[in-house]
Every structure is written in structure tokens, then in C-alpha cells.
Amino acid sequence: MRILVAGGGLAGLVAALGSLESGAEVTLLEKGVRPGGSFVYSSGYIWSYRDLATFRREVPAGDAALQRLILRRLPPDLGWLEERGAPALARETGNPLTFGARFDPERVVASLVQRIAAAGGRILTNARLRILTLAGGRIAGAEVAQNGGERREPADAVILATGGFAASRELVRRYILRGPGELQLRAHPRSTGDGFRAALAAGALASPGLDGFYGRNLPAPPANFSPQEFVEVSQLYGRHAVALNAAGERYADEAADWSETALVRATARQPGLRAWYVLDAAALRRRVRDRTVEEMVAAALRAGGTVLRAESLEKLAERLAERGVPLKRALRTLGEYDAAVSAGRAAELSPPRSEPAAPVRVPPFMAVEVAPAITHTTGGLAVDAGCRVLRQADGRPLPGLYAAGVEAGGVSTGGYASGLASALVFGRVAAGSAVEDGKADLKR
Ligand SMILES: Cc1cc2nc3c(=O)[nH]c(=O)nc-3n(C[C@H](O)[C@H](O)[C@H](O)COP(=O)(O)OP(=O)(O)OC[C@H]3O[C@@H](n4cnc5c(N)ncnc54)[C@H](O)[C@@H]3O)c2cc1C
């Protein structure tokens, strides 16, 4: 049986090796010059919420069947990866809500690539899946562009692992922003929705939540940084700040969730897709995971981001006014926030403020300009619990088509879950389903 895997990120590499181990002939297409996808820029934590109740509480709108699949499969799949990829650097996540392990992405990618080649798999780089081909209502392969030419790659099954559409300005505007504007990209630039579009054109069904994305607020331009600095420059301290939009108003509960995904999504709906994180000196000393807020602000400064500093809130508001934020409105917002927090009434603010909620009182004061960045889309193709892509016509599996990783939408609709877990678990599940379905077809 011939399986074509499109995309050489973690999902595609795992799907390719899993398919080879089940006896299939495998060709892996990678659009870039080398495999690895966003995994190589990531922190390398592959994780899940610790139980279904926590998963449902954190991501209530997500697909429960896919969440169960991740919970059930992640422990054995982490073991599988350790045996084939590289030993885990740590077998914990540092977050009491989750379990998982941390890996060295470069080592894992190198090892998976080597094993795929050793098992006889073909890895084609600079090779882009363009169109899925159909025969008799089932997927029969794909048209591939490589080195300026185009050709047909026949296959009994195609596993799509092309990473969603975060890098497509057009699709991000259509589905996520629903209008003009631009999200910064906190990922490699090749996931432009090729697999998603090809699948829809072949009759696939899209998942719910196409407007969802996972990302971080980063220092706003003129800040400039390389992909290797994505983790370092991330401004992950909204919960210790007051977030103001260009009108000088609070626009979200800065501490609504532990990953600050809701705050980033709300920032994407603000005028000009910009915000200011206002902090005092006390906030700078707080820690978020392994870094202090001060270290994250310093990273923004190093990247050339805009960081305003003043000895009083009035002076800070004057500096913000030079950047177009209405002075009186900003001061009123900060005053209302301070009064409510000091009186223990943070939850009564509009929008409310969850804990931690500390007053902004200790000079010097700072304002860091941030802009929302997309790491990956969370909506994508609708799949069943075997990672079979479903048909738009009747919601049943589209024969021969599977999706893994970011491409498979719906797990984290409205919330946040590990993209690397979707890559690892769905990569293996898609491979298993493709091979099993192929065997079942032969018996018919
Ligand atoms: C800075 C950063 C930190 C992160 N930290 C974590 C973390 O600690 N934990 C976590 O769970 N997640 C993290 N993530 C997210 C995680 O890296 C991604 O969710 C995951 O790598 C996605 O894997 P994927 O294989 O589905 O897609 P991708 O990694 O996007 O891979 C898709 C691949 O498909 C290729 N491709 C695209 N189009 C085509 C085409 N037409 N034909 C052939 N190939 C194509 C691309 O070139 C790419 O190599 C982080 C991401 C970033 C950027």
C-alpha cells in the first residue's frame, strides 16, 4: 500500500514513520528545504491536560472525542517517540493542570528523518502538494510541484499534515479577522493552507471554530526578531499588567486563562491590532514559568520594541498620548482599575479582571506595545477519532484522506491545547487508520 504524507513537521514525520512501521510504502512531501516545521522553533513540550474533566473545563467547545483520544494515546505515544526520536529532556511540564514531556526538537527531527530513510521511506524536499486527485469517489494521490515541474504522485491514501493556514494572509483575514488587518506570524512561513484548500476542493468538511487560533502577543513593530527568538520575545505577562487598546480602554480580562490565549485573541480584535501592557515596578519582579516579567520586557527592548517608561502614571499617560492614546481616557481607565482592585472588586470591572489582580502603583511605570501573533490555526479539517477526514456531503469519511497535527481541527476550539500532542498522537492515529482501512479495502 502506498501512502503519501504531505508536510514534514512533527505530525508528518510521525505519520510517515508510523506508516512505514505498519508495512506501507511511504513518500513524504516537504514544501521547505528541510523537514521540521514549527517544531524546531518550539519549546518542545508535548502535553495534555491531566484528565478529561480538566480538558473539558479548559476547552469546553473542543471536540470531546479528539480530546479523549489525546488523553488516552499520549502516554504510550510519548514512549514511542522516546524510542524512535530522542530521550525526553524532562518528563514533566511544570504546570499542575497538565502532564507530558519536553524534547529537544532538533534531535527528534534528525532521528525521525534518519529512521524514515532507513526504513525505505522517500523524503522529497522543496516538494509541494498542490491538488488531491480523486478516482471513483476516493483519494487517488496528489499533484505535486517540485523544482519548477509538476507531476502526479499516485497513492492509496494521503495524510495531510501541512500545518493549517496561519501563514496565509488571505485565509487569516477571511476566517479569523473577518476583515482587514494582519496578525504577525509566530511560526514558519510555509503553512499557507495548501492541504486545507486541497481537501475542501476534494469535498472535505471543515471543522467548527475556523476563527480560532493559538498565539502570543509579541513586541509590536518596529521590533524585529528571528524565528529562533519567538519563545524569548513572547510577552506572556498580561496577567501582571493592565492591557489598554489604542483608545485607552481595557478590552479583555488579562488573566482569564493560564495560557493568555483569550487575551491574545481579544488583542486581534482591537483597532490597529495593537495594545499596551501597562506595568509598575512591582509587576516586573513577578515570575511567569521560568522568567521574570522584567526579563520579558528586556527581550522586547532588545528586539527594538516600544517600551515607554515614566516616574508617574500621569507622565506615562503623556507618553502614551504622544503615541495616539487619549490621555484622559487612559488615566481614567487606570484609575478605575486601581480603585476596583484595591477595594477587592476586580471581578466587577468591565471587562472583569481575574486573579492575579494587583494595583499599578509602584514607580517607575512602563508601557510595552504588543501585537498579536499567530502560531497556528485551531480550526481545520473535520476528522473522526481515527483522523479520517470527513466529507462535506454526508459527514462520513472521505475514503483515502487523513489529517494530523494542526490540519485536524476542533480539539482546542475556543481554548488552548498542545499542538505538539495533536501532531504526535494524530500522526500515529492517521497512519494506523490509513493502513487498517487499506487492508480492509483489499479484503472487500
Ligand atoms: C515559538 C513556538 C513555540 C511553541 N511551543 C510549543 C510547545 O512547547 N508545546 C506545544 O505543544 N506546541 C508548541 N508550539 C506549537 C507547535 O510547534 C505546533 O503546533 C506543531 O509543531 C505543529 O506541527 P504540524 O506538524 O501539525 O505542523 P507544522 O509544524 O506547521 O508542519 C507543517 C509542515 O508542512 C509543510 N508544508 C506546508 N504546506 C505544504 C505543502 N503544500 N506540501 C508539502 N509540505 C507542506 C511545512 O513546510 C511544514 O514543514 C510552538 C510553536 C512555536 C512557533
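A few remarks follow.
- Test: residue in the range 376-391 that is among the charged types (D, E, K, R), out of contact with any helix residue (DSSP H, G or I) (no Cβ under 8 Å at 6 or more places or on another chain), open to solvent by 10 Å² or more (accessible area, probe 1.4 Å) and on the phi < 0 side of the Ramachandran plot: yes
- The lone exception for ARG302 - which of (1) assigned by TED's automatic domain parsing to the domain that holds ARG174; (2) surrounded by fewer than 20 Cβ atoms within 10 Å (Cβ to Cβ) it fails: (1)
- Any hit, the range 83-90, residues being at pLDDT 95 or above and open to solvent by less than 10 Å² (accessible area, probe 1.4 Å): no
- Among the residues of the range 28-39, the one identified as more than 8 Å from the ligand (Cβ to nearest atom) and in contact with a helix residue (DSSP H, G or I) (Cβ under 6 Å, 6 or more places away or on another chain) is LEU28.
- Single residue of the range 194-239 satisfying the filter (more than 22 Å from ARG250 (Cβ to Cβ), in a loop (DSSP other than H, G, I, E, B) and of a type in the set (Gly, Ala, Ser)) that is farthest from the ligand (Cβ to nearest atom): GLY203
- Taken over the range 319-365, the criterion of being among the β-branched types (Val, Ile, Thr) and farther than 16 Å from ALA281 by Cβ is satisfied by VAL325, THR333, VAL341.
- When residues in the range 41-59 are screened for being in contact (Cβ under 8 Å) with a residue 40 or more places away in the chain, more than 8 Å from the ligand (Cβ to nearest atom) and surrounded by fewer than 22 Cβ atoms within 10 Å (Cβ to Cβ), 3 of them pass.
- Matching residues, the range 302-348, being in a strand (DSSP E or B) and among the small types (Gly, Ala, Ser): ALA310
- Residue in the range 169-190 that is open to solvent by 40 Å² or more (accessible area, probe 1.4 Å), part of a strand (DSSP E or B) and within 15 Å of the ligand (Cβ to nearest atom) present: yes
- Candidates in the range 191-221 are the residues that are open to solvent by 10 Å² or more (accessible area, probe 1.4 Å) and without any contact (Cβ under 8 Å) to a residue 40 or more places away in the chain; of these, the one that is nearest to GLN270 (Cα to Cα) is THR192.
- So LEU13, is it farther than 19 Å from SER422 by Cα and part of a helix (DSSP H, G or I): no
- Close pairs from the range 349-376: first over 26 Å from PHE165 (Cα atoms), partner open to solvent by less than 30 Å² (accessible area, probe 1.4 Å) and within 16 Å of the ligand (Cβ to nearest atom), Cβ under 6 Å, at least 6 apart: VAL368/ALA300
- Search result, residues across the range 100-148 that are within 15 Å of the ligand (Cβ to nearest atom), in a strand (DSSP E or B) and small (Gly, Ala, Ser): GLY100, ALA101, ALA127, GLY141, ALA142, ALA145
- Screening the candidates ARG138, ARG173 for the property of being within 26 Å of the chain's Cα centre (by Cα) and basic (Lys, Arg) yields one hit, ARG173.
The values are calculated or read from the model by the stated rules, or taken from the named source; none is laboratory data. Note that the coordinates shown come from a computational prediction; the quantities given were computed from them, not determined experimentally. Don't worry about glycine lacking a Cβ; one is built from the backbone with ideal geometry, like all the others, and counts go over all protein chains shown. Heavy atoms of the whole protein, side chains included, go into the accessibility calculation; ligands, DNA and RNA do not. Shrake-Rupley method; radii C 1.70, N 1.55, O 1.52, S 1.80 Å.
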